[in-house]
Amino acid sequence: MSNDSLKGKWALILGASSGFGAATARALAKKGMNIFGVHLDMKQTMPRVKEVIADIEAAGSKAVFFNMNASNERKRDKALARMKEELAASGEPYIWLMMHSLAFGTLKPFIADDPADAIDKAAMEMTLEVMAHSLVYWVQALVREGMLGRGSRIWSMTSEGSHRVVPGYGAVSAAKAALESHTRQLAMELGPRGILVNCIQAGVTDTPALRQIPGHELLIEGSKRRNPGGRMTTPEDVANTIAALADPSVSWISGSIVFVDGGEDITA
Ligand SMILES: NC(=O)c1ccc[n+]([C@@H]2O[C@H](COP(=O)([O-])OP(=O)(O)OC[C@H]3O[C@@H](n4cnc5c(N)ncnc54)[C@H](O)[C@@H]3O)[C@@H](O)[C@H]2O)c1
């Protein structure tokens, strides 16, 4: 596959400053793609954002980043207006690839001796909103603005938690199950427009989001022990998959869950 097929095309990555999103931004930039990045970072994590932008630019690509809550509709529409200007200036008709890689949720249990330690309605809704429903709202807005077109491809990120239980992961599990459903629904509704929508189920990967999960040490140990490949998944495993499948010759995968986990799921 030649790099030229992607040169100058744009990717929009929600969650571009860390983990899978950052690795994918770097991998796509190496293929010549320009990157719109959406992320939510405070002062202490801004250095990592600057590193991602510097790596994209070092690859000779453009990086236009937005530090904002992806669930804020007003900010989303403002960001889309700015992206539209960039697309027009670069002569690209629409965004070629969108990735939804947001990690932002409550890790409280449903049941606790002290009810204050258990999940509440606001936390449950926020988790579902950011980690699942925002996919639908961003895609709706992109379609409305004419910013996706034939050949565009959308990736969401799921985990084993969509169908298995992990302590503290109840709300995120629900979000993953919803995200997979949203992915299928979008694949069906966008099929007639030639837009591909798929989900990646990554294996357990050592990122800041994983380290927030109570008992993540056990998840890491279990992944290393049972993964047929003998190691954990890395952000680059996912990034390289998305970069390879970004090639325009790949045009008939839609509504799928692609396992990028070295076979981890089948060993559970
Ligand atoms: N790490 C794993 O083991 C694993 C496995 C399978 C799936 N996943 C999924 O992959 C996705 C990415 O996870 P990660 O491990 O790369 O996490 P991460 O913490 O490394 O990155 C999360 C990104 O999301 C951004 N973000 C969070 N909330 C946001 C918001 N409200 N608005 C805008 N940006 C926001 C952050 O700024 C960051 O760029 C998540 O959906 C996660 O559930 C993770």
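Bear in mind these aren't lab numbers, they're just calculated from the coordinates by the rules spelled out. Note that the structure is a prediction, hence the values are computed from the model and not measured. When we count neighbours, we look across all protein chains shown, and the Cβ atoms used for this are built from the backbone with ideal geometry, even at glycine.
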(request) Find which of G91, G15, Y137 sits farthest along the positive direction of the dipole of the chain, computed with +1 on the beta-carbon of Lys and Arg, -1 on that of Asp and Glu, about the Cα centre. (result) G91
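Which residues make up the longest stretch of the chain clear of chymotrypsin sites (Phe, Trp or Tyr not before Pro) that lie in a DSSP loop with no more than 11 other Cβ atoms within 10 Å, not counting the sites? Each step should come with its number before you reach the end.
Numbers: sites that count: F110, W252.
Answer - 111-251.
Contour minus end-to-end for R48 and H133, with contour as 0.36 nm per residue of separation and end-to-end as the Cα-Cα distance? Could you put the intermediate results ahead of the total?
Numbers: separation 85, 0.36 × 85 = 30.60 nm, distance 2.66 nm.
Between R48 and H133, full extension yields 27.9 nm more.
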(request) Mind putting a number on the dipole of the range 196-268 about its Cα centre? Charges go on the C-beta only, +1 for Lys and Arg and -1 for Asp and Glu, and I need it in Debye to the nearest 20. (result) 140
(message) Which residue, S159, I257, F65, has the largest displacement toward the positive end of the dipole of the chain when charges sit on each Cβ (Lys, Arg +1; Asp, Glu -1)?
(response) F65
(request) Give the distance, in whole Å, between the Cα centre of the range 114-184 and the Cα centre of the range 4-64. (result) 22
(request) Report the full-extension gain for the segment A177 to K121: residue separation times 0.36 nm, less the Cα-Cα distance, to one decimal in nm. (result) 18.4 nm
(request) Hey, could you get me the Stokes-Einstein D for the range 1-122, Kirkwood radius over alpha-carbon pairs, 37 °C and 0.692 mPa s, rounded to whole µm² s⁻¹? (result) 209
(request) Would you calculate a helix-derived [θ] at 222 nm for the chain, using -39,500 (n - 2.57) for each DSSP H run of n ≥ 4 and dividing by the full residue count, to the nearest 500? (result) -12500 deg cm²/dmol
(request) On a 0 to 90° scale, report how tilted helix 235-244 is relative to the longest principal axis of the chain, with both axes built from alpha carbons and the result rounded to the nearest 10. (result) 40
(message) From the mean inverse distance of alpha carbon pairs (Kirkwood) and the Cα radius of gyration, derive Rg over Rh for the range 148-268.
(response) 1.00
(request) Run the dipole for the chain about the Cα centre, Lys and Arg Cβ at +1, Asp and Glu Cβ at -1, nothing else charged, and hand back the magnitude in debye, nearest 20. (result) 660
(request) With everything on Cα atoms, drop me the angle between helix 73-90 and the longest principal axis of the chain, reported from 0 to 90° to the nearest 10. (result) 30
(message) If I take all pairs of Cα atoms in the range 9-55, what percentage of them are more than 15 Å from each other?
(response) 34
(request) Mind running the shape call on the chain? Use the C-alpha gyration tensor, a ≥ b ≥ c as the square roots of the eigenvalues: rounded below 1.5 for a/c, prolate if a/b tops b/c, oblate otherwise. (result) prolate
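How high is the relative contact order of the range 57-153? Use alpha-carbon pairs under 8 Å, at least six apart in sequence, and give a whole percent.
Working: 65 pairs, mean separation 32.6, N = 97.
Dividing the mean separation by the residue count of the range 57-153 yields 34 percent.
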